[in-house]
Structures are given as C-alpha cells and as structure tokens.
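Student: Can you keep this structure in mind? I'll have questions shortly.
The values are calculated or read from the model by the stated rules, or taken from the named source; none is laboratory data. Please read these numbers as outputs of a predicted model, since none were measured by experiment. Cβ placement follows ideal geometry from the backbone for every residue including glycine, while neighbour counts extend to all protein chains displayed.
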C-alpha cells in the first residue's frame, strides 16, 4: 500500500496532535462520529504556493451541548483557548450553530493555517 500523500499526512498529523493534546475532549475527523460535545476537524482548504509547498486552512468546529446559554459559551471559549495555547496557527474564531440530524447545537468555528512542504 502506498504511503499517504502530503495532504493526508498533514490532516492526519493535525487530528493526532489535537487528540493527544486535548485528552478530555473528543476529537473527530469523520462527521459520522460526531457525538457532542466534541471537536470536529473539517476538510481543509488547500492553497498551493508551488508544486512542493502549500498552505492548508482548517476549520475546527467546537460543538457544545445545547443552544447557546452563557455556561455553554464559556465552555466553548475555554476549549478555544486550549487550542490557542497549542500554538498551532490559530487565526480566528466565530460563533455558529451546528445542525446534527435535526438538532441545533451552539458551536465555535476556529480557523487555523499551516504551511506544508514535500520533502
């Protein structure tokens, strides 16, 4: 079996890092495995600088329990701060609603960028 490519490796490395560094938070990379509260790593946007260098833009969706009371907001912001403290390129965050099945949940979308290069 061929080894994973540059993009898959970068995606998998980020998921593994988050799972390792945030052991008290469920980190998922497959929407079928979302079970709130959790952190869902969405598919990245890829910007090519050259054939061997790229920037990957990730959305990390922190999904809380409930529709967004103050206690839930504080928990979402605590998780966002935990991710910020990892120093992995967090650029911004914005509140949103995550709809799973027919249920709405308060969520926060965190944007981060990482640069990658083929060896």
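Student: How about the stretch 44-88: which of its residues are free of Cβ contacts under 8 Å to residues at least 24 places away in the same chain and either assigned to a strand (DSSP E or B) or touching a strand residue (DSSP E or B) at 6+ places or on another chain (Cβ under 6 Å) (or both)?
Tutor: 45, 47, 48, 84
Student: State whether the residues of the stretch 21-31 include one that is part of a helix (DSSP H, G or I) and under 26 Å from residue 118 (Cβ atoms). Lay out the reasoning, then the answer.
Tutor: The initial filter retains those residues of the stretch 21-31 that are part of a helix (DSSP H, G or I), namely 21, 31.
Among the residues that remain, those that are also under 26 Å from residue 118 (Cβ atoms) are: 21.
Among the residues of the stretch 21-31, at least one is part of a helix (DSSP H, G or I) and under 26 Å from residue 118 (Cβ atoms), which makes the answer yes.
Student: Every residue in the stretch 97-119 that is surrounded by fewer than 16 Cβ atoms within 10 Å (Cβ to Cβ), farther than 26 Å from residue 8 by Cβ and in contact with a strand residue (DSSP E or B) (Cβ under 8 Å, 6 or more places away or on another chain), please.
Tutor: Matches in the stretch 97-119: 97, 99, 104.
Student: Return the only residue of 94, 61, 32 being loosely packed, with under 15 Cβ neighbours inside 10 Å, modelled with pLDDT of 95 or more and out of contact with any helix residue (DSSP H, G or I) (no Cβ under 6 Å at 6 or more places or on another chain).
Tutor: That would be 94, the only listed residue that is loosely packed, with under 15 Cβ neighbours inside 10 Å, modelled with pLDDT of 95 or more and out of contact with any helix residue (DSSP H, G or I) (no Cβ under 6 Å at 6 or more places or on another chain).
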